[in-house]
1. Tell me the residue from 134, 76 that is touching a strand residue (DSSP E or B) at 6+ places or on another chain (Cβ under 7 Å), surrounded by 15 or more Cβ atoms within 10 Å (Cβ to Cβ) and in contact (Cβ under 8 Å) with a residue 60 or more places away in the chain, please.
2. What are the residues in segment 25-52 that are crowded, with 21+ Cβ neighbours inside 10 Å, touching a strand residue (DSSP E or B) at 6+ places or on another chain (Cβ under 9 Å) and under 16 Å from residue 219 (Cβ atoms), if any?
3. Condition test on residue 142, is it within 16 Å of the chain's Cα centre (by Cα), over 30 Å from residue 335 (Cα atoms) and either assigned to a helix (DSSP H, G or I) or not assigned by TED's automatic domain parsing to the domain that holds residue 275 (or both)?
4. Pick out the one residue from 262, 235, 216 that is farther than 27 Å from residue 200 by Cα, touching a strand residue (DSSP E or B) at 6+ places or on another chain (Cβ under 7 Å) and surrounded by 17 or more Cβ atoms within 10 Å (Cβ to Cβ).
5. Among the candidates 189, 166, 197, single out the residue that is touching a strand residue (DSSP E or B) at 6+ places or on another chain (Cβ under 7 Å) and either exposed (fewer than 15 other Cβ atoms within 10 Å of the Cβ) or under 27 Å from residue 402 (Cβ atoms) (or both).
6. (1) surrounded by 18 or more Cβ atoms within 10 Å (Cβ to Cβ); (2) outside any helix (DSSP H, G or I); (3) touching a strand residue (DSSP E or B) at 6+ places or on another chain (Cβ under 7 Å): which one isn't true of residue 91, the others all being true?
7. Taking the residues in segment 337-346 that are in contact with a strand residue (DSSP E or B) (Cβ under 9 Å, 6 or more places away or on another chain) and free of Cβ contacts under 8 Å to residues at least 60 places away in the same chain as candidates, determine which candidate is nearest to residue 199 (Cα to Cα).
8. Would you point out the residue of segment 372-383, among those that are free of Cβ contacts under 8 Å to residues at least 40 places away in the same chain and surrounded by 15 or more Cβ atoms within 10 Å (Cβ to Cβ), that is nearest to residue 260 (Cα to Cα)?
């Protein structure tokens with residue numbers, strides 16, 4: 001007890017509390033547009049949505065008209081253990097980026113472990129006191145620890161699988177979407193969709209009015225910045241490629257039926273290579289994959305590293321993407337980037353995203369998909385036309401453009417008149433006038 005009441009501990013505690021107060025004052029007096037974003041996904045291997053957020057932050061990091069506040073799995077950490085649990089990727093760095101962490105030192109009046117526990121329970125209030133003008137949900141809805149924050153909500157809607165293909169979703173994903181999706185859409189000041197097709201679906205479902213929605217296409221995908229490596233040793237010289245987690249929406253059963261048609265119609269048909277892990281609800285298709293491997297015309301690689309994946313795209317004879325439903329369709333864009341002919345489902349979103357630089361067939365018609373594949377494999381003029389059109393289309397997709405459009409939506413949500421992409425703080429302290437700093 002005497003140790004707890006000792007003067008050095010009190011002096012250390014008061015000094016820490018004073019620094020925290022000063023840090024809070026600095027955050028609340030920021031004269032730039034402030035945006036709060038949870039980045040807990042960076043502590044796990046990045047998936048499509050994780051890379052989507054990372055690329056946006058990477059492009060916006062040098063903006064001096066923004067202050068983007070990043071919140072990890074917890075914003076309250078022990079100073080002595082802060083390096084023991086790092087994100088799996090280096091956080092983007094630049095004048096716009098602020099990684100918010102409240103480090104609790106040891107030897108305070110209150111033991112560090114107990115104080116951390118108390119503050120983590122109060123984390124929604126701590127985040128609210130930062131007074132962010134905008135709260136950005138890159139994946140439909142905000143984490144619950146943002147519930148007390150009063151900044152304008154902006155949410156990205158990647159697809160409406162919940163409404164159209166609920167049976168293809170994981171049960172835990174479906175449950176969370178059912179509980180929170182429509183409320184998140186209702187409370188958002190602005191919505192971003194990754195394609196015009198998803199915007200139209202939102203409006204048609206009566207979930208949001210068109211004026212509240214902005215379409216922001218992705219950039220050219222994660223692989224655009226990756227140097228192709230070596231092909232996996234088991235891959236044959238000639239092969240067709242499908243990329244994606246094996247789950248119901250990807251229509252792998254339809255793809256296998258397509259390839260049986262290709263084999264029956266084309267002598268020396270290339271082997272089909274599947275690149276992606278088995279996901280959820282795959283018991284039936286798993287047996288079909290194993291059977292096809294046993295017959296010798298299919299190779300399932302599972303997960304591969306980015307360098308190998310880039311090489312697979314570059315060396316494939318054709319990329320086949322017979323998906324049932326997509327919000328954007330990144331594998332299609334990656335095929336265009338790799339200058340590899342693409343055959344895909346005839347869906348409005350894939351015609352939009354590819355700019356028509358593919359051959360299309362209904363996903364429920366393996367015979368027609370097979371015809372399109374055979375055209376690509378046997379007619380050099382079609383291959384050349386698709387490659388040229390795909391290269392032109394992928395040049396139009398830019399992460400820099402996507403990031404600046406996203407920043408413009410943030411400003412609109414906060415009621416701030418700024419020119420996206422200028423790098424300057426047009427409007428000065430206008431964000432505070434929008435109610436962000438004083439409302440929390």
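The values are calculated or read from the model by the stated rules, or taken from the named source; none is laboratory data. Worth saying up front: this structure is predicted, and the values here are computed from it rather than measured. So basically every Cβ, Gly included, is an ideal-geometry build from the backbone, and we count neighbours across all protein chains shown.
1. When all the criteria are applied, what remains is 134.
2. 52, the sole residue that qualifies.
3. The answer is yes for residue 142.
4. 235
5. Answer to the selection: 189.
6. With (1) surrounded by 18 or more Cβ atoms within 10 Å (Cβ to Cβ); (2) outside any helix (DSSP H, G or I); (3) touching a strand residue (DSSP E or B) at 6+ places or on another chain (Cβ under 7 Å) applied to residue 91, the lone miss is (1).
7. Only one residue tops the list, namely 346.
8. 372
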